[in-house]
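For reference, the structure is listed below as structure tokens.
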Amino acid sequence: MAIGVFDSGVGGLTVHRALVERLPTADFVYLGDQANAPYGGRGGEEIVDLTRAGCERLFDAGCNLVVLACNTASGIALRRLQQTWLPGFREALGRPVNILGIIVPTIEAATGLPWEHEAERRGEKVEKLDILAVFSTPATARSRVYEIEIDKRRQDVAVFSEPCPQLARMIEDGAGAVELAKVVEDHVGAITTRIGRPPDRAILGCTHYEIIADIFRAALPAGTPLIHQPDATADALQRYLERHPEYEPGSSGLRRFLTTGRPGAQHKLVETFWGGPLSFEQA
């Protein structure tokens with residue numbers, strides 16, 4: 001068996017790399033739905049359908065766990081698939097399979113609290129708010145998942161989301177650093193204006209953005225902490241596997257990279273992030 005990692009494109013490689021570093025002997029199959037990337041501007045039902053098709057492809061490839069390394073898929077599709085599709089699929093397949101997301105670990109990292117925790121509502125005045133900026137795709141921003149779930153747990157954290165409609169596509173297409181920096185600076189400026197001051201912390205709420213984390217660091221005030229989704233997801237997956245030995249992750253160190261788009265080598269931006277040549281095969 002193996003662990004599947006799914007994203008609309010190459011952004012999930014940021015999570016994949018953290019998982020590989022944490023579980024170096026485990027077997028991994030990565031699938032980027034590059035034929036349909038990015039997901040951020042698509043409707044909810046379409047995102048659910050595309051995510052289900054990607055998960056099914058990874059289960060067919062021998063995975064028993066799939067990590068949705070995509071905020072849009074995690075925020076829009078994960079719960080629906082877990083509740084309405086996965087039970088019947090699992091029964092038909094005749095073996096344990098499951099789908100995990102990256103939003104729960106990110107919120108745990110942002111709040112410092114377990115997912116099960118919900119704050120008591122006492123109506124007390126909060127003296128000092130921790131301002132958290134979330135840079136994301138439009139679909140993730142529309143879902144308000146970060147605002148809703150963080151507010152349940154921490155009343156002293158105020159979340160502001162900044163949708164970045166073009167950024168994931170630009171990263172997919174290998175845009176240059178100067179062009180990317182201008183777009184990031186505009187979004188940082190926009191959310192700073194809305195808040196009235198710079199944020200105290202930030203979440204890069206699209207896994208593509210982790211590829212250009214250095215550009216976000218340069219655009220934000222010096223020392224602004226970034227909550228890294230790859231590290232949070234690796235922590236959560238390791239804990240999950242310890243609790244669920246039925247999901248055997250394999251031990252041969254297999255690495256496969258699949259795409260629904262054009263197979264072959266990836267562009268320089270992705271290869272620079274990955275640390276070497278990277279070639280995809282046709283899904």
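Every test in (1) out of contact with any helix residue (DSSP H, G or I) (no Cβ under 7 Å at 6 or more places or on another chain); (2) within 22 Å of Y146 (Cα to Cα); (3) hydroxyl-bearing (S, T, Y) is passed by S251 save one, and that test is (2). Which numbered condition in (1) surrounded by 14 or more Cβ atoms within 10 Å (Cβ to Cβ); (2) at pLDDT below 95; (3) more than 17 Å from V66 (Cα to Cα) is the only one that A213 fails? Result: A213 passes all but (2).
Residues in the range 145-166 that are part of a helix (DSSP H, G or I) and not hydroxyl-bearing (S, T, Y) were compared, and the one that is surrounded by the fewest Cβ atoms within 10 Å (Cβ to Cβ) is I148. Among the strands (runs of 3 or more DSSP E) confined to the range 175-283, the ones with at least 1 residues that are assigned by TED's automatic domain parsing to the domain that holds Y146 and in contact with an Asp or Glu (Cβ under 9 Å, 6 or more places away or on another chain) are located at 201-204. Evaluated against (1) of a type outside the set (D, E); (2) surrounded by 20 or more Cβ atoms within 10 Å (Cβ to Cβ); (3) in the same structural domain as I211 (by TED's automatic domain parsing), L100 falls short on exactly one condition, (3).
The values are calculated or read from the model by the stated rules, or taken from the named source; none is laboratory data. What you see is a predicted model, and the numbers here were worked out from it, not measured in a lab. We place every Cβ from the backbone using ideal geometry, glycine too, and count neighbours over all the protein chains shown.
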